[in-house]
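Following: one structure in structure tokens, then a few remarks.
Just so it is clear, none of the values below were taken in a lab; they were calculated from the coordinates. Predicted model, so just to flag it, every value in this text is computed and none were measured. Every residue, glycine among them, receives a Cβ derived from its backbone with ideal geometry; neighbour counts consider all protein chains shown.
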Amino acid sequence: MRPVWIKNAAQLVTLAGENGPRRKEAMSDLQLIEDGSVWIENGEVLAIGSTSELEAAFEARAQEADVVDATGRLVTPGLVDPHTHVAYGGSREREFEMRLEGSTYMEIMNAGGGIHATTRMTREATENELVEQTTRRLDSFLAHGVTTVEGKSGYGLDLETELKQLRVMKRLNESHPIDLVPTFMGGHAVPQEYKGREEEYIDVLVNEMLPKVADEGLAVFNDVFCEVGVFTPEQAERILIAGKELGLIPKIHADEIKSYGGAELAAKVGAISAEHLLKASDEGVRLMAEAGVIACLLPATALYLREDAAKGRAMVDAGVAVAISTDCNPGSSPTTSMPLVMNLACISMRLTPAEALVAATINAACAINMQDKVGSLEVGKQGDVVMWNVSNYQELQYLFGVNHVHSVWKKGLQVVG
Ligand code: NIG
Ligand code: FE
């Protein structure tokens with residue numbers, strides 16, 4: 001593979017710094033290089049600096065490389081999406097209409113739609129059909145500058161289909177340019193066949209599903225939907241502790257629809273991140289800051305459900321490391337656009353343009369334990385790079401709702417543009 005030499009970038013965002021979640025003022029520190037340049041070789045960043053610095057070091061080798069002129073353009077690390085439900089079957093556009101006609105998300109789910117509808121369609125799909133449908137979504141992520149994606153199971157809710165979803169993600173992680181990081185989410189809902197026998201389902205999840213998933217090494221994280229009418233905080237805790245004992249790191253869908261002690265539980269069980277948090281209590285946010293739990297905020301979901309977004313500004317100010325994500329799923333957020341999510345982080349949560357970019361790169365990488373490889377452009381990290389059709393990072397957030405991606409490299413290989 002030929003090296004790639006990107007030079008003359010109007011702004012090169014490196015995000016060099018502490019290899020951990022950025023909080024408070026550190027969320028505004030982009031480590032920008034004006035007239036920046038990066039040399040990628042063997043899939044990794046070999047050198048990064050000003051164009052004149054890299055010219056001095058690499059001019060003699062210029063013939064060997066694909067040289068990319070980034071004059072007038074912004075260059076950033078590949079975006080990271082730390083929370084998706086990307087590997088699902090089917091589609092739910094009729095529910096979109098039903099919500100516009102007045103039904104709520106939970107009403108639709110309790111009537112057998114929502115997560116249950118996608119569970120039926122995912123159970124029916126073959127592994128190859130799921131690979132094919134998920135590939136299209138991953139291609140769309142790449143086209144929006146996203147080079148690393150977390151993906152959850154949770155549309156199987158039985159051992160066989162949960163494993164099928166996780167195997168689909170394993171196959172795609174191996175065959176698709178995107179790094180796909182797997183999360184087991186058998187705790188996404190109580191399947192309809194266990195209605196009224198919730199504890200029995202949790203027994204199956206804890207005693208059969210989790211050990212099998214851990215044994216086959218099919219997931220890194222274990223997530224649960226802690227919500228009124230889904231799993232109580234006590235049930236969620238049992239599921240998360242059982243996973244933790246098997247080496248699966250806890251994550252929680254917390255306080256999305258109702259305030260339910262999810263943020264507090266995230267701090268208590270040592271979750272790597274808590275997701276949604278629209279209705280998180282002030283005390284829960286304080287406990288998350290204290291315990292170092294990353295807040296993974298999903299402003300596109302709030303918009304799509306026509307709810308007020310999470311209090312992102314207050315969370316950053318309280319010292320919580322904030323990451324952002326699409327929540328890509330067929331019900332509450334059918335989008336693959338992390339650029340739109342960055343725009344919304346600014347517009348509906350009052351993050352600054354710099355904070356939104358940190359939340360979509362290094363903090364997102366930390367939320368899925370990928371910070372050693374991705375999330376910033378530093379020597380030795382993966383050559384995951386996006387070149388944008390704007391000249392600075394403020395413009396990226398200001399010209400909203402537009403895909404400004406010009407080209408994308410994954411591990412030094414050009415995959416878009
Ligand atoms: O994160 N809240 C629960 N799970 C997903 C939605 C899943 C669905 O509606 O299919 C979410 O919003
Ligand atoms: Fe989700």
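Is the range 4-24 home to any residue that is hydroxyl-bearing (S, T, Y) and in a loop (DSSP other than H, G, I, E, B)? Scanning the range 4-24, I find at least one residue that is hydroxyl-bearing (S, T, Y) and in a loop (DSSP other than H, G, I, E, B), so the answer is yes.
Of the numbered criteria (1) more than 30 Å from V168 (Cα to Cα); (2) within 27 Å of the chain's Cα centre (by Cα), the one G49 fails is (2). All of A219, A236 fail the test of being within 16 Å of ligand 2 (Cβ to nearest atom), of a type in the set (A, V, I, L, M, F, W, C) and in a loop (DSSP other than H, G, I, E, B), apart from A219. Only one entry of E25, E95 meets the criterion of being without any contact (Cβ under 8 Å) to a residue 24 or more places away in the chain and not hydrophobic (A, V, I, L, M, F, W, C), and that entry is E25. Test T147 against the stated conditions and say whether it is more than 18 Å from G89 (Cα to Cα), buried (at least 18 other Cβ atoms within 10 Å of the Cβ) and among the polar types (S, T, N, Q). So T147 fits the description; yes. Filtering the range 39-62 to residues that are loosely packed, with under 15 Cβ neighbours inside 10 Å and of a type in the set (F, W, Y) leaves nothing. Counting the residues of the range 34-93 that are under 17 Å from S391 (Cβ atoms) and either within 16 Å of ligand 1 (Cβ to nearest atom) or of a type in the set (F, W, Y) (or both) gives 0.
Among the residues of the range 312-333, just one is free of Cβ contacts under 8 Å to residues at least 60 places away in the same chain and closer than 18 Å to M109 by Cβ, namely S333.
Select from the range 160-180 the residues that are among the hydrophobic types (A, V, I, L, M, F, W, C) and touching a Pro at 6+ places or on another chain (Cβ under 8 Å) and write down the one among them that is farthest from V149 (Cα to Cα). If you could, list the steps in order and put the result at the bottom.
So the first thing to find is which residues in the range 160-180 are among the hydrophobic types (A, V, I, L, M, F, W, C), and the list is 163, 166, 168-169, 172, 178, 180.
With the extra rule that they be touching a Pro at 6+ places or on another chain (Cβ under 8 Å), the set shrinks to 166, 169.
Details: L166: 14, M169: 10 Å.
Per the criteria, the residue is L166.
Residue-level check: of (1) closer than 22 Å to T326 by Cα; (2) of a type in the set (S, T, N, Q); (3) more than 16 Å from ligand 2 (Cβ to nearest atom), T119 misses just (3). Please specify each residue of the range 285-317 satisfying the condition of being farther than 26 Å from T336 by Cα and in contact with a strand residue (DSSP E or B) (Cβ under 8 Å, 6 or more places away or on another chain). Within the range 285-317, V285, M288 qualify.
Looking only at residues of the range 303-335 that are more than 9 Å from ligand 1 (Cβ to nearest atom) and touching a Lys or Arg at 6+ places or on another chain (Cβ under 6 Å), we find that the one that is nearest to R286 (Cα to Cα) is G319.
Of all residues in the range 234-292, exactly one satisfies the criterion of being surrounded by 24 or more Cβ atoms within 10 Å (Cβ to Cβ), away from ligand 1 (no atom under 16 Å from the Cβ) and either charged (D, E, K, R) or touching a residue at least 40 places away in the same chain (Cβ under 8 Å) (or both), namely G243.
Report whether or not D158 is touching a Ser or Thr at 6+ places or on another chain (Cβ under 7 Å) and either among the acidic types (D, E) or closer than 20 Å to E256 by Cβ (or both).
Details: touching a Ser or Thr at 6+ places or on another chain (Cβ under 7 Å): no; either among the acidic types (D, E) or closer than 20 Å to E256 by Cβ (or both): yes.
Answer is no for this residue.
What do you reckon, is V190 more than 16 Å from ligand 2 (Cβ to nearest atom), over 21 Å from A291 (Cβ atoms) and either charged (D, E, K, R) or assigned to a helix (DSSP H, G or I) (or both)? First the steps, then the outcome.
Numbers: more than 16 Å from ligand 2 (Cβ to nearest atom): yes; over 21 Å from A291 (Cβ atoms): yes; either charged (D, E, K, R) or assigned to a helix (DSSP H, G or I) (or both): no.
When the stated conditions are applied, V190 does not pass them.
Restricting attention to the range 251-264, the residues that are within 14 Å of ligand 2 (Cβ to nearest atom) and outside any helix (DSSP H, G or I) add up to 7. Taken together, the residues in the range 99-119 that are free of Cβ contacts under 8 Å to residues at least 40 places away in the same chain, surrounded by fewer than 16 Cβ atoms within 10 Å (Cβ to Cβ) and either within 15 Å of ligand 1 (Cβ to nearest atom) or closer than 24 Å to E174 by Cα (or both) amount to 4.
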